[in-house]
Structures are given as C-alpha cells and as structure tokens.
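Below is one structure, written out as structure tokens; comments come after it.
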Amino acid sequence: MPTILVVEDSPTMRQLISFAMRRIPGSKVIEATDGVDALKKLSSEKADIILADINMPVMDGLKLVSLVRGSSEFRDIPIIIITTEGAEEDRKKAMDIGANAYLPKPIQTQELIKLVTQQLDKG
Amino acid sequence: MDKDKEPGILKKADEFLQIFKKGEEFTRDLLKENEHLRFRIAELEEAHAQDSNAAKIRNYEDHIRMLEDETESLKKRFRKAEAENRDFAQKYVLVAEENNNLANMYVASYQLHSTLDYEEVLKIVLEIIINLIGARKFSVMLIDKKLEELEPIASEDIDMDNTTKIPIDKGVIGEVVREGESYFSDESIHTESEDPAKPIVCIPLKIKEHVIGVIAIYSFLDQKTGFSDVDYELFNLLAGHAATAIFSSRLYNRSEKEFTTIRNFLALLKGKPTQ
C-alpha cells in the first residue's frame, strides 16, 4: 500500500493531485502545505513517494528536495516536482539537486498517475 | 495271341498317352487359369488398396478442409476480438480522460463554492486559471455599471490596478460583454498581448445570461501547447461558477460590513460600547 505525500500550497491543486492519487489502488495520501509541513509529516509517517510544488511559502520545493536527499532516513524516497516553471533550466536545477521527475503544470492527471506508478515500481 | 493283343495294348497306350496329354493340357490350362486368377486377385487387391487409400485421402482432405475452415473461423473471431479489444482500449482511454476532466471540474467547482470569503474566492479563481488552465498573465474584471467600465479585481503578472479601466463598449472585451460568448484569438497560444484591451482569450463571467465581468488572458505558460477539451470545460465552468462565487461572496462581504455597521450604530444608540 503506497503512501503518497502531496506538498502543495494551493488548496485547489492539492485537492486535485490528492484526488488523482487516491485512484492508485491501495494508496494512502498525506497532504502538506509547504516544505516544513512536509518534513513534519515525514517524521511521523513514512512516505513512499513525494509530489512537491516548487513555489511555496515557508520552504519551497527545491529546498525540500535537497533536505530530503541529505537525510539518511528519507534520501531514497522518490520525488516528483509539479510546477508552473516549465523552462529547461528549472527542470535541470530540480533534477540536479535530486528530483526523480519533473512535471510542468497544467498537469494531465493520467500522465501524473503513470509517472507516480513508474516511480513506485522502480522502488 | 500276343500279336493279337499287341495292337490293343498299343491302342490303349496311345489312348493313355492321349489321356495323359489331355491331362497335361488340362493341368497346363489349370496352371494358366490359376496364374490368371492370381493375377486377377493381385489386381483386385491392388485396386482395393488404392480405393482404401483414396478413401483415406478423401477423409484426410475433408478433415484438413474442416480444420482450415475452423482455423479461418478462429482467425476471424480473433480479429474481431482484437478489434473489440482495441475499441475497448480506446474507450477506456476516453473514459479515463473524461473521468480526469470530471475530477478537475469537481475540484474546481468544489473549491469555488467552499468559501464565502471574497478574497479567498478570488485566490481560488486565480489558482484555477494558473494551475488548471495554465495562464501566465491575466486579469479578472467586474463591470462597473455606473461608469460602464470594467474594473480589475485580481490579476497575475500584469500591471493592472483599480486605475486601469477597460470600456465595455469597445473591442474584444466589449464584444464578450455584449454577446456573453467566450473569445479565442486566432493567434498562436504563445503570443503575448501587452494591450489590456486585447486579450488572447476572454471569458465572460455570467450569472445565467447576465454578464457581470470577464476573465481576460494575455499570455499562457510556455509549456502549454494548445487548448484541450478540459480547457474549454474549465472556461465554461469559470464563466458560470466563478461568476456566482465572486458575486455571492462580494454580496456576503457587503452584507457582513453593513450588518456590523448597523450593529455598531444600534449599540451606539443604546449607549453600549462597540466591539
């Protein structure tokens, strides 16, 4: 049963992504509103994959990726970045610091489900 | 007497010889007949064997034909099943896509009607336009009936404040306000408009047939390649639901303010301190 952590400050996007993730059989979705909230949630519940936005208050998605990759406990969790930043340099930056995949908004739900399933299968 | 007997013996011997010859001939005939009959039997046996093989071959041929027919029938059924499978797969993709679109619609409309806080409603409208539609530069404007102008109430990545007014009787926006129909420019989706009066896409905000404002989009995110079905559905949803949500939250905010004013006024009349 995969546990999916959705980190997104926009309630609309958070609900939309969570809604899509609940369609993966047996999945459990945890929601966080920013990077700090995500780290708190991670310390209390183990996640199998993290879906994070980049532009968030308090702690952005890139900082979250670097902290997760630097942690001995969480560094193997796959991270998918979902963002409005569609430029190649933004994608490269996120991948360089340890993101596993990069999906620019607006997202196609089917594409996101496929990507998450692929990352979970790799694990 | 012996001499008399001699011719008789000779005669008998001759007769015997004749009989013997006949016997020989008869035997020869019998042998010939036997040979002929053996040959005939062999012929018949061969013919019978040939008939039997031919029957077997016919049986085999019939069997092969039956198997070929069966194979052809199975091939036809397989091809039909394959076509049906492809059809089902295509339908599944369409259903999944439709399901996703409906989920997007559900989430967007749920969020729009989840609050009566005017500022929050505007924030949700902006979120939908950015995250679900993929617009980068846009403005949400409401009609000021007295001034016959459109006044921006929220915008993204564009320098439009309360002082920026768009007349409602001119240009693309004027047409959208008059007709109540969405406008989509013929230009590429990657075009960026700098003129607030010339958006690439303009959506009327309608309560039933009454237009209360517009959403004017001036540019889209670079990664957006075109409009999909869900985009048009979202535009329709925004036209109706965003208008209702904005209008009702604004009314609620006004009534809340008026209620507070009246309550304070009554408290003042009664001489009680205001909260």
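The values are calculated or read from the model by the stated rules, or taken from the named source; none is laboratory data. Being a predicted model, the structure only gives us computed values, none of them experimental. Methodologically, a virtual Cβ is constructed for each residue, glycine included, from the backbone with ideal geometry; neighbour enumeration extends over all protein chains shown.
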- Note on the structure: Within the stretch B:130-144, residues in a strand (DSSP E or B), in contact with a Leu (Cβ under 7 Å, 6 or more places away or on another chain) and either farther than 19 Å from B:TYR118 by Cα or among the basic types (Lys, Arg) (or both) come out as B:ARG136
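Residues checked against (1) under 38 Å from the mean Cα position of the chain (by Cα); (2) more than 14 Å from chain A (Cβ to nearest Cβ):
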| residue | (1), (2) |
| --- | --- |
| B:ALA55 | no, yes |
| B:LEU74 | yes, yes |
| B:ARG86 | yes, yes |
| B:LEU94 | yes, no |
| B:GLU97 | yes, no |
| B:ASN100 | yes, no |
| B:LEU126 | yes, no |
| B:ILE130 | yes, no |
| B:PHE138 | yes, no |
- Determine whether the stretch B:105-124 contains at least one residue that is farther than 30 Å from B:GLU194 by Cβ, more than 9 Å from chain A (Cβ to nearest Cβ) and modelled with pLDDT under 90. yes
- In this structure, does B:LEU142 turn out to be modelled with pLDDT of 90 or more and within 14 Å of chain A (Cβ to nearest Cβ)? no
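Those residues that are free of Cβ contacts under 8 Å to residues at least 24 places away in the same chain and on the phi < 0 side of the Ramachandran plot, I need them from the stretch B:180-218; list them, please.
B:GLU181, B:TYR183, B:SER185, B:ASP186, B:GLU187, B:SER188, B:ASP195, B:ILE200, B:HIS210
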- Look at B:ALA89 and say whether it is outside the structural domain of B:LEU132 (by TED's automatic domain parsing), within 25 Å of A:LYS114 (Cα to Cα) and of a type outside the set (Ser, Thr, Tyr). yes
- The listed residue being under 10 Å from the mean Cα position of the chain (by Cα) and more than 27 Å from B:LEU102 (Cβ to Cβ), out of A:ASN100, A:ASN55: A:ASN100
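Considering only residues of the stretch B:107-124 that are free of Cβ contacts under 8 Å to residues at least 40 places away in the same chain and closer than 22 Å to B:GLU256 by Cα, which is nearest to the chain's Cα centre (by Cα)?
Going through the qualifying residues, I end up with B:GLN111.
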- Screening B:ASN59, B:ASN101 for residues that are of a type in the set (S, T, N, Q) and surrounded by 11 or more Cβ atoms within 10 Å (Cβ to Cβ) leaves only B:ASN101
- Has the stretch B:212-222 got at least one residue that is under 29 Å from the mean Cα position of the chain (by Cα), among the polar types (S, T, N, Q), under 18 Å from B:ASN131 (Cα atoms) and in the same structural domain as B:ILE166 (by TED's automatic domain parsing)? no
- Task: Scan the stretch B:207-232 residue by residue and report those that are within 21 Å of B:GLU149 (Cβ to Cβ) and crowded, with 16+ Cβ neighbours inside 10 Å.
- Result: B:VAL211, B:ILE212, B:GLY213, B:VAL214, B:ILE215, B:ALA216, B:ILE217, B:TYR218
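Filter the stretch A:73-112 for residues that are under 22 Å from B:LEU221 (Cα atoms) and part of a helix (DSSP H, G or I) and give the result.
Residues satisfying the conditions are A:GLU88, A:GLU89, A:ASP90, A:ARG91, A:LYS92, A:LYS93, A:ALA94, A:MET95, A:THR109, A:GLN110, A:GLU111, A:LEU112.
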- Message: Considering only the stretch B:229-247, I want to know if a residue exists there that is modelled with pLDDT under 85 and more than 27 Å from B:TYR118 (Cα to Cα).
- Response: yes
- Task: Assess whether B:ILE158 counts as being β-branched (Val, Ile, Thr) and closer than 16 Å to B:PRO204 by Cβ.
- Result: no
- Message: So, A:ALA20, is that one buried (at least 16 other Cβ atoms within 10 Å of the Cβ) and within 11 Å of the chain's Cα centre (by Cα) or not?
- Response: no
- Check B:LEU238, B:LEU150 and return the single one that is outside any helix (DSSP H, G or I) and touching a residue at least 60 places away in the same chain (Cβ under 8 Å). B:LEU150
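Of the residues B:ASP69, B:ASP51, B:ASP4, only one is modelled with pLDDT of 90 or more and not assigned by TED's automatic domain parsing to the domain that holds B:ILE128; which?
Sole residue among the options that is modelled with pLDDT of 90 or more and not assigned by TED's automatic domain parsing to the domain that holds B:ILE128: B:ASP69.
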- Go through the residues of the stretch B:157-165 one by one and say whether even a single one is under 25 Å from B:LYS224 (Cα atoms), away from chain A (no Cβ under 14 Å), loosely packed, with under 14 Cβ neighbours inside 10 Å and not polar (S, T, N, Q). yes
